[in-house]
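Worksheet: one structure, shown below.
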Amino acid sequence: MMATTHALAGVAVASLVALGAPEQAAVALAAAFVGGLFPDLDLYAGHRKTLHFPVYYWPFALAAGALAVVSTGPATVALTCFLLAAALHSTMDVFGGGLELRPWRATSERAVYDHFVGRWRRPRRWVRYDGAPEDALLGALLAIPPLLVAGAPLRWLIGATVCLSVGYALVRRRVPAVTEHLVEFVPTTMTEYVPERFVEG
């Protein structure tokens, strides 16, 4: 799934905070947005393994949530929503496609690395690949709850994220060819740092 879909999933869950603590809604949504993106910062360094933890994020998110209930404040709410969104992202990757340059070919059996069991989880492909039409649709649907509770600045961010998702989905199938073309210009001394999927045939 797209990073934008993960960010929107995080804010969709965090929008529930507005029901119990509306004064914390803005910080909850902002933290969840960042937390939903956070695992994908490993895109060029062990993608879906380095910062993706489909098991280990959850206990920390639950512990932070318990702390937020006992001592509700911007810091505890932000920490909870950040960790919850990161946990959700790491788990959701199982339901998408595999790690490959052209994931619609469905040749990869690596969805996300599970450090708890020490192996890769296989992709379920409910969302066939990142940037698939159903991926953009899912993101748009996930945007509805936070749009109902967010203030103006966050509404603009959420709306822009949905637009970015749709735009990426429209060009997704062209991305591999562009990537392969750009990789040709990478100096040979730097090619070892280029992810394998970017140079697959």
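Derivation of every value follows stated rules applied to the coordinates shown; laboratory data play no part. It should be emphasised that the depicted structure is a prediction, and the values quoted were computed from it without experimental measurement. Heads up, the Cβs are rebuilt from the backbone with ideal geometry, glycines too, and the neighbour counts pull from every protein chain shown.
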(message) Quick check on segment 1-115: take the gyration tensor over C-alpha atoms, sort the square-rooted eigenvalues as a ≥ b ≥ c, and tell me if it's rounded (a/c under 1.5), prolate or oblate.
(response) prolate
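Could you size up the charge dipole of the chain around its Cα centre, putting +1 on the beta carbon of Lys and Arg and -1 on that of Asp and Glu, and report it in debye to the nearest 20?
It works out to roughly 440 debye.
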(message) For a protection proxy built on the mean count of beta-carbon atoms within 10 angstrom, sort 27-35, 131-139 highest first, please.
(response) 27-35, 131-139
(message) Order 118-129, 52-63 from most to least packed using the mean count of other Cβ atoms within 10 Å.
(response) 52-63, 118-129
(request) Could you list Asp42, Asp93, Asp114 in order of exposure, starting from the residue whose Cβ has the fewest other Cβ atoms within 10 Å? (result) Asp42, Asp114, Asp93
(request) With everything on Cα atoms, drop me the angle between helix 3-14 and the longest principal axis of the chain, reported from 0 to 90° to the nearest 10. (result) 20
(message) Helix-only mean residue ellipticity at 222 nm, the chain, DSSP H runs n ≥ 4 weighted -39,500 (n - 2.57), per residue, nearest 500. What is it?
(response) -17000 deg cm²/dmol
(message) Tell me the relative contact order for the chain as a rounded percent, counting alpha carbon contacts under 8 Å between residues six or more apart.
(response) 25
(request) Compare Leu101, Leu51, Leu170 in a GNM of the chain, Cα atoms joined below 10 Å, and give the one with the largest fluctuation. (result) Leu170
(request) Using packing as a proxy for protection, rank 16-24, 174-182 so that the peptide with the highest average count of other Cβ atoms within 10 Å comes first. (result) 16-24, 174-182
(request) For segment 108-153 and segment 29-80, write down the distance between their C-alpha centroids in whole Å. (result) 15
(message) Along the Cα→Cβ direction, 7 angstrom out, place labels at Glu184 and Glu134. What is the inter-label distance in nm?
(response) 3.5
(request) Please list the equivalent ellipsoid semi-axes of the chain, computed as the square roots of five times the alpha-carbon gyration tensor eigenvalues, in descending order and whole angstrom. (result) 31, 19, 15
(message) Expected output is a single nm value to one decimal: the length gained when fully extending between Leu141 and Trp156, i.e. 0.36 nm times separation in residues minus the C-alpha distance. What is it?
(response) 3.8 nm
(request) Order by neighbour count: His115, His89, fewest other Cβ atoms within 10 Å first, most last. (result) His115, His89
(message) Sort Cys163, Cys81 by Cβ crowding within 10 Å, fewest neighbours at the top.
(response) Cys163, Cys81
